[in-house]
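So the structure is just underneath, and the comments pick up after that.
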Amino acid sequence: MSIHGLLLVGLNHATAPLALRELLALDANEQRSLLDDLRQRGLAAEAMTLCTCYGVEIYLAADAGADLEPVAAALARVRNVPIDRFIAHLYLKRGREAAEHLFCVASSLDSMVLGETQILGQVRDAYERATAAGHVAGLLHPLLQRALGVGKQVLSGTALAEGRVSVASVAVDYARQIFERFDDKTVLTIGAGKMTRLVLGGFADLKPGRLIVVNRDLTKAESLARQHRGQAAALESLDEQLVNADIVLTCTAAHDPIITRARFDPLLRKRRYRPIFLIDLAVPRDIEPTVAELQSVYLYNLDDLQQVVSQTMARRTDAVSAARAVVAQHLDAYLSWHRQRSLGPMIERLYQRYHALAEQELQRTLARLPEIGEPEREHLRELTRRIVNKLLHDPIRNLREGESPHALNLPYLHALEKLFGLPPASDDAPTADDKSQS
């Protein structure tokens, strides 16, 4: 499939507020249902979803009927959310623009935290899930492998990942504004995922008096607590832990808030209205927003932290420029490779067609010259082959080495096929070369 069949529909922290992103947060089952729905409705030959705390993106090797609205309708069906609630916040990218966006995402250039490494792993996980489900083939395979290679080079070969301002560092800075000391404070963590571990490390460095990890899976809680010399607690004891906590980090996969105003309000008296710092890293959110209205409660979510982190972009222009240069280099290389792959079958048919015509004319001529011996006949065959190759040399070179590696589109290929009288191309399965771009 041509690169022009690549379609991206999505929303992220730059286009939609947290309240909307959490409505569209897809769990693993919903992601599978969405991909199945898109393919069953004939909207895509290939598909992959990338769901992070920043938003949701759907990459498609799209068929003719695929566009923003049909894809948005599929998302609305899976999440049971009216399409009018979110369609204005979606972005649509095609072809080269979609490929460039994916490379930027994998390189963390599109992240809230420039230089974070977690997003590259999330792209890899999304790719592996879609591949295992049979949703990835000749277009997305090489694109995603190239994206992973770009992300790895940016994060290891540029200064983008050095000295980054992270969610963890911003959260710690906020905590220092609220509390003067931490050796008498209790840090409570709810959940044991990657984001939680990242931020917990920042607070563990403050050497708090106590560190407690609460998780539905007590084994995971105990493992994380051991890493930071803390203790694990059962989820059933959450109210008790909230009474004792001074700092709470939460990031679970729950669809509904864990800490509601109705739950937390009665705990204030038991806490004697001591200040509490709540950091909600979950999408959907774990803490009901109205909890922030309660006395002595300081609640921050991902969007609050984003406002601080995003300010680092202007101060890191050199690192960003170097990273974007890597992206641009790989994008041109990928598009050039894809162009060569698209042209290859047509060029082969072009040679076959005109060598066959030349051979027919040669045989007519030889039939009129029965006295010519085999050496002379072979010389004429070689002459015929060379004439055809020379006549085709310049047109084929111009096709392969055009100024714009992404300019050749499907209508142009069809026009060339008609111009040269080529037979229709067969729809061959992707070759191993299609899976070798990294």
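Among the helices (runs of 4 or more DSSP H) confined wholly to region 196-314, which include 3 or more residues that are under 30 Å from HIS13 (Cα atoms) and under 34 Å from the mean Cα position of the chain (by Cα)?
On the way: elements: 218-227, 238-244, 261-264, 267-271, 302-309.
Output list reads 218-227, 302-309.
For the subset of region 162-185 comprising residues that are open to solvent by 60 Å² or more (accessible area, probe 1.4 Å) and not in a helix (DSSP H, G or I), which member is modelled with the lowest pLDDT? Step through it out loud before you land on a result.
Step one: filter region 162-185 for residues open to solvent by 60 Å² or more (accessible area, probe 1.4 Å), giving 162-164, 173, 176-177, 180-181, 183-184.
Among the residues that remain, those that are also not in a helix (DSSP H, G or I) are: 162-164, 180-181, 183-184.
Working: GLU162: 76, GLY163: 63, ARG164: 59, GLU180: 89, ARG181: 91, ASP183: 94, ASP184: 95.
Ranking the candidates gives ARG164 first.
For LEU188, work out the one condition from (1) at pLDDT 90 or above; (2) part of a helix (DSSP H, G or I); (3) over 28 Å from the mean Cα position of the chain (by Cα) it doesn't fulfil.
If we test LEU188 against (1) at pLDDT 90 or above; (2) part of a helix (DSSP H, G or I); (3) over 28 Å from the mean Cα position of the chain (by Cα), just (2) comes out false.
Just one of GLY115, GLY138, GLY149 is within 23 Å of LEU302 (Cα to Cα) and either open to solvent by 20 Å² or more (accessible area, probe 1.4 Å) or of a type outside the set (A, V, I, L, M) (or both); which is it? Write out each step before concluding.
Working: GLY138 fails: within 23 Å of LEU302 (Cα to Cα); GLY149 fails: within 23 Å of LEU302 (Cα to Cα).
Of the residues listed, the single one that is within 23 Å of LEU302 (Cα to Cα) and either open to solvent by 20 Å² or more (accessible area, probe 1.4 Å) or of a type outside the set (A, V, I, L, M) (or both) is GLY115.
Please go through region 126-166 and give me each residue that is in contact with a strand residue (DSSP E or B) (Cβ under 9 Å, 6 or more places away or on another chain) and without any contact (Cβ under 8 Å) to a residue 60 or more places away in the chain, ordered by number.
Matches in region 126-166: THR131 only.
What do you reckon, is ARG339 basic (Lys, Arg), under 36 Å from the mean Cα position of the chain (by Cα) and open to solvent by less than 30 Å² (accessible area, probe 1.4 Å)?
Values: basic (Lys, Arg): yes; under 36 Å from the mean Cα position of the chain (by Cα): yes; open to solvent by less than 30 Å² (accessible area, probe 1.4 Å): yes.
Yes.
Taking only region 245-264 into account, find how many residues are surrounded by fewer than 18 Cβ atoms within 10 Å (Cβ to Cβ) and at pLDDT below 95. Talk me through it step by step, then tell me what you get.
Pass one, region 245-264, residues surrounded by fewer than 18 Cβ atoms within 10 Å (Cβ to Cβ): 253-256, 260-263.
So of that shortlist, the ones also at pLDDT below 95 come out as 253-256.
Count: 4.
Which residue is surrounded by the fewest Cβ atoms within 10 Å (Cβ to Cβ), if the candidates are limited to region 45-66 and must be more than 21 Å from MET195 (Cα to Cα) and without any contact (Cβ under 8 Å) to a residue 60 or more places away in the chain? Even if it seems obvious, please write down each step before you answer.
Our first condition is that a residue be more than 21 Å from MET195 (Cα to Cα); within region 45-66, this holds for 45-48, 58-66.
When the remaining residues are screened for being without any contact (Cβ under 8 Å) to a residue 60 or more places away in the chain, the result is 58, 60, 62-66.
Numbers: ILE58: 25, LEU60: 26, ALA62: 26, ASP63: 16, ALA64: 8, GLY65: 10, ALA66: 22.
Per the stated criteria, the residue is ALA64.
Specify which of the listed residues (GLN231, GLN241) is in contact with a strand residue (DSSP E or B) (Cβ under 7 Å, 6 or more places away or on another chain) and open to solvent by 80 Å² or more (accessible area, probe 1.4 Å).
Testing whether each residue is in contact with a strand residue (DSSP E or B) (Cβ under 7 Å, 6 or more places away or on another chain) and open to solvent by 80 Å² or more (accessible area, probe 1.4 Å) leaves just GLN231.
Quick check on my filter: what residues within region 269-300 are hydrophobic (A, V, I, L, M, F, W, C), open to solvent by less than 10 Å² (accessible area, probe 1.4 Å) and over 17 Å from PRO17 (Cβ atoms)?
At the first step, the residues of region 269-300 found to be hydrophobic (A, V, I, L, M, F, W, C) are 276-279, 281-283, 287, 291-292, 294, 297, 299.
Then keep just the ones that are open to solvent by less than 10 Å² (accessible area, probe 1.4 Å); that gives 276-279, 281-282, 287, 291.
If the condition is that a residue be hydrophobic (A, V, I, L, M, F, W, C), open to solvent by less than 10 Å² (accessible area, probe 1.4 Å) and over 17 Å from PRO17 (Cβ atoms), then ILE276, PHE277, LEU278, ILE279, VAL291 are the ones that fit.
Select from region 347-376 the residues that are in a helix (DSSP H, G or I), more than 14 Å from ILE387 (Cα to Cα), among the hydrophobic types (A, V, I, L, M, F, W, C) and open to solvent by 50 Å² or more (accessible area, probe 1.4 Å) and list them in ascending order.
Within region 347-376, just ALA367 meets the criteria.
Give ALA159, ALA126, ALA133 a once-over and let me know the one that is open to solvent by 50 Å² or more (accessible area, probe 1.4 Å), farther than 30 Å from GLU240 by Cβ and of a type outside the set (D, E, K, R). I'd like the intermediate steps shown before the answer.
Numbers: ALA159 fails: open to solvent by 50 Å² or more (accessible area, probe 1.4 Å); ALA126 fails: open to solvent by 50 Å² or more (accessible area, probe 1.4 Å).
Result: ALA133 is the single residue among ALA159, ALA126, ALA133 that is open to solvent by 50 Å² or more (accessible area, probe 1.4 Å), farther than 30 Å from GLU240 by Cβ and of a type outside the set (D, E, K, R).
What are the pairs with Cβ atoms under 6 angstrom where one residue, in region 281-305, is on the phi > 0 side of the Ramachandran plot and the other, located anywhere, is outside any strand (DSSP E or B) and open to solvent by 30 Å² or more (accessible area, probe 1.4 Å)? Sequence gap at least six, or different chains.
From region 281-305, the pairs are SER296/TYR273; SER296/PRO275.
Can you tell me which condition GLU100 does not meet? The list is (1) acidic (Asp, Glu); (2) open to solvent by 20 Å² or more (accessible area, probe 1.4 Å); (3) within 30 Å of PRO257 (Cβ to Cβ), and all the others hold.
So GLU100 meets the others, but not (3).
Quick grid of which residues meet (1) among the hydroxyl-bearing types (Ser, Thr, Tyr); (2) out of contact with any helix residue (DSSP H, G or I) (no Cβ under 6 Å at 6 or more places or on another chain); (3) modelled with pLDDT under 90:
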position: GLY5; (1), (2), (3): no, yes, yes
position: LEU11; (1), (2), (3): no, no, no
position: ASN29; (1), (2), (3): no, yes, no
position: VAL56; (1), (2), (3): no, no, no
position: VAL78; (1), (2), (3): no, no, no
position: ARG96; (1), (2), (3): no, yes, no
position: ALA106; (1), (2), (3): no, no, no
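Is it fair to say HIS13 is farther than 23 Å from GLY149 by Cβ and in contact with an Asp or Glu (Cβ under 9 Å, 6 or more places away or on another chain)? First the steps, then the outcome.
Details: farther than 23 Å from GLY149 by Cβ: yes; in contact with an Asp or Glu (Cβ under 9 Å, 6 or more places away or on another chain): yes.
It is true that HIS13 is farther than 23 Å from GLY149 by Cβ and in contact with an Asp or Glu (Cβ under 9 Å, 6 or more places away or on another chain).
Restricting attention to region 167-183, which residues are in contact (Cβ under 8 Å) with a residue 40 or more places away in the chain and aliphatic (A, V, I, L, M)?
VAL167, VAL170, ALA171, ALA175, ILE178
Among the residues in region 84-92, are any in contact with a helix residue (DSSP H, G or I) (Cβ under 7 Å, 6 or more places away or on another chain) and on the phi > 0 side of the Ramachandran plot?
no
Looking at the structure I just gave you, is ARG39 among the basic types (Lys, Arg), part of a helix (DSSP H, G or I) and more than 27 Å from HIS338 (Cα to Cα)?
Details: among the basic types (Lys, Arg): yes; part of a helix (DSSP H, G or I): yes; more than 27 Å from HIS338 (Cα to Cα): no.
No, not satisfied.
For region 189-214, name all the residues that are closer than 16 Å to ASN301 by Cα and either touching a residue at least 60 places away in the same chain (Cβ under 8 Å) or of a type in the set (Gly, Ala, Ser) (or both).
Residues satisfying the conditions are THR189, ILE190, GLY191, MET195, THR196, LEU198, VAL199.
The values are calculated or read from the model by the stated rules, or taken from the named source; none is laboratory data. Note that the coordinates shown come from a computational prediction; the quantities given were computed from them, not determined experimentally. All Cβ positions, even for glycine, are placed from backbone atoms using ideal geometry, and neighbour counts span all protein chains on display. Quick note on the areas: whole protein, heavy atoms, side chains included, nothing else; ligands and nucleic acids left out. Shrake-Rupley method; radii C 1.70, N 1.55, O 1.52, S 1.80 Å.
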